[in-house]
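Here's the structure we're looking at; comments come further down.
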Amino acid sequence: MGCKNCCNACLQCLFGYETNVMLVINNKGVGALFRLIQFLIIAYVAVYVCWIQRAYQDTDSVISSVSTKVKGNILTNSPIEGVHVWDVPEYVIPPQGENTFFVLTNVILTPGQRQSKCPETPSEVTKCESDSDCKEGYSDVHGSGVQTGHCVQYSDKIKTCEVQAWCPLENDANIPKPAVLGAAEDFTVLIKNNIQYPKFKFKKRNILPHINSTYLKSCMFNRKTDPDCPIFRLGDMVTEAGEDFSVMALKGGIIGIFIDWNCDLDFSERFCIPKYSFSRLDNKNPENNVAPGYNFRFAKYYKNNESIDTRTLIKAFGIRFDVIVFGMAGKFNIVPTIVNLGATLAFLSLTAAICDWVMLTCMKDRDNYAKHKFIHLNQNGDSMPLSSMETSSYGTP
Amino acid sequence: MGCKNCCNACLQCLFGYETNVMLVINNKGVGALFRLIQFLIIAYVAVYVCWIQRAYQDTDSVISSVSTKVKGNILTNSPIEGVHVWDVPEYVIPPQGENTFFVLTNVILTPGQRQSKCPETPSEVTKCESDSDCKEGYSDVHGSGVQTGHCVQYSDKIKTCEVQAWCPLENDANIPKPAVLGAAEDFTVLIKNNIQYPKFKFKKRNILPHINSTYLKSCMFNRKTDPDCPIFRLGDMVTEAGEDFSVMALKGGIIGIFIDWNCDLDFSERFCIPKYSFSRLDNKNPENNVAPGYNFRFAKYYKNNESIDTRTLIKAFGIRFDVIVFGMAGKFNIVPTIVNLGATLAFLSLTAAICDWVMLTCMKDRDNYAKHKFIHLNQNGDSMPLSSMETSSYGTP
Amino acid sequence: MGCKNCCNACLQCLFGYETNVMLVINNKGVGALFRLIQFLIIAYVAVYVCWIQRAYQDTDSVISSVSTKVKGNILTNSPIEGVHVWDVPEYVIPPQGENTFFVLTNVILTPGQRQSKCPETPSEVTKCESDSDCKEGYSDVHGSGVQTGHCVQYSDKIKTCEVQAWCPLENDANIPKPAVLGAAEDFTVLIKNNIQYPKFKFKKRNILPHINSTYLKSCMFNRKTDPDCPIFRLGDMVTEAGEDFSVMALKGGIIGIFIDWNCDLDFSERFCIPKYSFSRLDNKNPENNVAPGYNFRFAKYYKNNESIDTRTLIKAFGIRFDVIVFGMAGKFNIVPTIVNLGATLAFLSLTAAICDWVMLTCMKDRDNYAKHKFIHLNQNGDSMPLSSMETSSYGTP
């Protein structure tokens, strides 16, 4: 019989089904509260978690590759350079179109620089009266070269410390106004963007499948009429960023071209399209700022007729466009679904705790409810109702 | 006695243990169903959540720094330039090896350009018959300069609008075929990649610790024989991406070099190694495309003998290699573990709900089960079995 | 009466409240265990999940734009070049300050290169004794050009294969020591960094609102005295990275400038400030390495007096600074809160399971507890206590 008992115990353990014994109360107040809380939690799950936050989805970050190509020409006529046509290789620096490209809008040229000695441009620090005011070998971090220790005539009235430098020095006190290449707002840029979500093996281009080559050759991005055209007019982008191109062209700045690839891959990939937006990234506010605008210096080097290294220094002001691609793709996945549903189910158990508390404290029948809900077992092993417990279990002797 | 009661109540509240009263049913059907669902949920957690999705791990995204170095020389012999050896400073543009590098494969040179006037290259838009067809100051976005308003002879038969531009204009109608630097497929590139996962203070390089310098000096990446060598032959990468180098060299393109650093940091860091893959990023399909391939123009500036600014315009076709580093590291963390296990436990409670439903609707003993599972309490405070409820609680008058 | 019954059933279903029937046991051991486990789980949630891991927050990754500007001048006096002042356009390559900038620290100049033929620099591979040792058209991947097939005198004693190349060849056997531009450690760099968290519509700059322009013009970053100044001395950054500038300047290297924007956006945005740190990214260890340091070659092209293309080849050693911006912002969101709390609640149900197990196996009253906790229902539909079950339900006939 021992074996039979053992078998029975096993079977019972495996196939005996344990279920909670429930007390059913016909109290409309508590019942309604219970249903209301249940409804609220289920509504929250359905609407907020599933619909708005799409918490049933696994997500992946975008991986992106960008190439850009600027087009346009400008004719300028300056006293120094004469008539000059600027084409892409001159005003796009560096010439290669990657995810950051710079378009020259204003320029200070200093031709014919060569290694020699010349008086420093006057400032509080560089003005001098005698050689003793200058220090040989000293190089100010804001200066143009290394001091020779001599104090020399800068102009009729002013003497400044002499420096060893690329002379003549650049004079950037007066920025050309209006900007030399202010007409750059008519330039266009073609932006090609390939993205992928490696986790979902999803690839797409910003040139959408329904766009044909003919359209691409002549279109121009317009948020209303041509939202899918990948060719942008510089002036339009700056305007959308809330800036005035002619003002920005003077001292330069940084414009962010944001491409948002947030996609719900549970839908057809047709709906996964890029959203473009533009905003100024640098601080144009003169307070709380240093070196406002965007500029840098570069030089074109050549040998002059006596084979001496000579250069044309160019202080280039312009707009740097940063193509910033971001986004998250979501796709149904069982793990976040289970986690979110499971966690919400666990919250449903809170409902019961709240209703029990209401039932046992606020209802007028609370003692009766408690008597039936709780079976008290004292340490003698007898069960008894709540009402009689105090005297028997912990009662006075 | 009031105080004693109070104390007793407190003690009872703190140390009284409440446990559910359970009804045990020896029904093999429901019991088996219950165990089966429990088994399925536990198996799902063990296999899918833990093993496959590693949901017990906290994750971090990779932070990466890349440097690249191309090596190789090519000799070309063209009628214009004569014998010319191309070395790295000439064909890698820009010369600095960052995470994107460009290798020149084809080139259209236009030497001796200077600011002057010349007839525009013929096209539907630029052909003219008289000056009235041309508009002074007009600059077409696809044109090479700014129109002077004159209609001049381009060739014996054709007249085009004259432009102010860098003349002579480039003629890019005929792309050299085969590509000038088609032999670039034999070039090699060394890719150094340092990554880190800041959350886990984990750092690693793609040059793995067991690789010695001697091997590095002579190895070449091969997926089967040398999977850890960080030196890649350009032709091999293009082939792995499913492209033909000699075709791609003509008009250029973009190749993505993907370095996948997905790592399970619960294992030894020895197992955290980069996986390389290659694919073409730009669209080679001529439909639904514009400006296929990859090219850009740049110029080498110099002063000619009369000190006039002159330049050699270079239209550079080539392959841009984008080194794209991505990956996620996971490491055991108590929070996601608790969340995932807890949520699954909550799902186990669903099991009981399903089995209860089966028990109370499909079993032949369902009335008996219900009678013992539910204790009904009517509003008079008496408990009664389900069978007698209708007549007493809501019964007919 | 049928309809009335139906209505009653509906009402009961909607408003009947079901609650578990509980067995209350006055056993201090189990009660204390139950409270202890509950306390531990709640403490874990409060301290670890909420306080340390901030698991109640939704997170977003940083999007960043960086611009940099280096300042400083150096005077060098070399036998080849004479006195030469290096300014920013010369030693910052490329000149535009993006998130990666390179500062030249050492240089090997090879002036006057032009396309011609010259003996290869001697090495094991290039040394020869007769023309038969050289192969016309062969281009070694580590060589400087394409072999002509001739074996010529390199010096009095050594013969090497002749190559078609940019001659004279560079001799980079001896790197200048100390570094030509070793004084570059005094250069300063202004780093401007704009970040945003698009999910939270949060934008900020590394130039904090309380900093004024006057301070910015003269400040220098110092971790203790000026932690908010965005101007960094190159030497200080290298020192913080644990390197010696004068050693690193010889062969170059890569320094990472890490800007950590981890922010808790539930607090005021005043507390969301960047944290800077610096570390060396490349491997300086000579073992397990190839091409240590950081260098690249570029050339300045010009036409010589006979209008022949000539160039000055520059092998540039220097420090590449990679500005790496990373961070996560967190903000309270109901979904992760529900998920984390819900999952923890589910864990609380484990507590009951553990205490039940203790109660039913370890307590001396276990049989009594079991008798009251479980109501056994055999297949005849009668309920009975555990003690009598064996004989009736599965008992011997």
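Structure notes:
- Protein-only accessible surface at a 1.4 angstrom probe places the residues A:Phe374, A:Phe102, B:Phe332 in the order B:Phe332, A:Phe374, A:Phe102, largest first.
- The simple Förster model, with R0 at 22 Å and r as the Cβ-Cβ distance, assigns B:Leu109 and C:Ile308 a FRET efficiency of 0.90.
- Exercise: per-residue mean of other protein chain Cβ atoms within 10 Å, B:326-334: 2
- Relative to one another, the C-alpha centroids of region A:103-150 and region A:279-339 are positioned 28 Å apart.
- Computed E for A:Glu81/B:Ser155 - FRET, C-beta separation, R0 35 angstrom, nearest 0.05: 0.65
- Relative contact order computed over region A:20-111 (Cα-Cα under 8 Å; 6+ residues apart), in percent: 16
- Kirkwood hydrodynamic radius of region B:34-184, Cα pairs, Å: 21.4
- Across region A:102-158, the volume of the C-alpha convex hull divided among the residues equals 139 Å³ per residue.
- Every helix of 4 or more DSSP H residues in chain A counts as -39500 (n - 2.57), and over all residues that averages to -7500 deg cm²/dmol at 222 nm.
- The eigenvalues of the Cα gyration tensor, multiplied by 5 and square-rooted, give region B:115-228 an equivalent ellipsoid with semi-axes of 57, 20, 11 Å from largest to smallest.
- Per residue, chain C exposes 46 Å² of solvent-accessible protein surface, assessed with a 1.4 angstrom probe and all protein chains in place.
- Range of Cα positions in chain B per principal axis (Å), largest first: 117, 66, 52
- Rounded D (µm²/s) - region C:307-351, Kirkwood Rh over Cα pairs, Stokes-Einstein at 37 °C, 0.692 mPa s: 191
- Gain upon complete extension [B:Gln38, B:Asn333; 0.36 nm per residue less C-alpha separation]: 103.7 nm
- Coarse-grained scattering of region C:187-326 at q = 0.09, 0.11, 0.12 Å⁻¹, given as base-10 log I(q)/I(0) from a Debye sum over alpha-carbon atoms: -0.42, -0.58, -0.66
- Interface burial for A against C (accessible surface, 1.4 Å probe, total of both chains, Å², rounded to 100): 7200
- On Cα atoms only, tilt of A:334-361 relative to the major axis of chain A in degrees: 50
- Measuring nothing but how far apart in sequence close Cα pairs (under 8 Å, 6+ apart) lie, relative to its length, chain A scores a relative contact order of 19 percent.
- Shown is the FRET efficiency for A:Thr225 and B:Lys117, computed with R0 = 51 Å from the Cβ-Cβ distance and rounded to the nearest 0.05: 0.85.
- Using the Cβ of B:Gln113 as centre and a radius below 9 Å, the other residues enclosed give a net charge of +1, where K and R count +1 and D and E count -1.
- Out-of-range pairs (alpha-carbon distance over 19 Å; input B:Lys203/B:Lys331; A:Lys251/C:Lys192; A:Lys251/A:Lys284; C:Lys71/C:Lys300; B:Lys331/C:Lys284; B:Lys217/C:Lys157): C:Lys71/C:Lys300; B:Lys331/C:Lys284; B:Lys217/C:Lys157
- Formal net charge of residues neighbouring A:Tyr294 (Cβ-Cβ distance under 13 Å; K, R +1; D, E -1): +4
- Calculated on the alpha-carbon coordinates, the convex hull of the protein assembly as shown measures out at 259 cubic angstrom per residue.
- Look at the stretch A:157-164: the mean tally of other chain Cβ atoms within 10 Å of its residues' Cβ atoms is 1.
- Shielding by other protein chains, C:35-41, mean Cβ within 10 Å: 1
- Placing a label point 7 Å from Cα along the Cα-to-Cβ axis, C:Val83 is separated from the same position in the other copies by 4.4, 4.4 nm, shortest listed first.
- Relative to the longest principal axis of the Cα atoms of chain B, the long axis of helix B:2-15 lies at roughly 50 degrees.
- Listed by chain and number, the lysines whose C-alpha is less than 23 Å from the C-alpha of C:Lys364, apart from same-chain residues fewer than 8 away, are C:Lys28, C:Lys373.
- From the alpha carbon centroid of region B:185-227 to that of region C:237-254 is 23 Å.
- Comment: the Cα-to-Cβ extended label point of A:Ser277, at 7 Å, lies 3.2, 3.2 nm from its counterparts in the other copies, nearest first.
- The protein assembly as shown, accessible surface, carbon-and-sulfur percent (1.4 angstrom probe): 57
- Other copies of A:Trp51: label-to-label distances in nm, shortest first, labels 7 Å along the beta-carbon direction: 3.9, 3.9
- Gyration tensor analysis over the Cα atoms of region A:250-357 returns equivalent ellipsoid semi-axes of 58, 21, 13 Å (largest first, whole Å).
- Positive-end residue, the protein assembly as shown charge dipole about Cα centroid, Cβ charges, pick of C:Thr59, C:Tyr91, C:Asn171: C:Thr59
- The local environment of B:Val152, defined by Cβ-Cβ distances under 14 Å, has a net charge of -3 under the rule Lys, Arg +1 and Asp, Glu -1.
The values are calculated or read from the model by the stated rules, or taken from the named source; none is laboratory data. Computed from a predicted model, the values in this text were never measured in an experiment. FYI the Cβ positions are ideal-geometry reconstructions off the backbone, even for glycines, and counts take in every protein chain you see. Accessible surface is based on the protein model in full, side chains and every heavy atom, while ligands, DNA and RNA are left aside. Shrake-Rupley method; radii C 1.70, N 1.55, O 1.52, S 1.80 Å.
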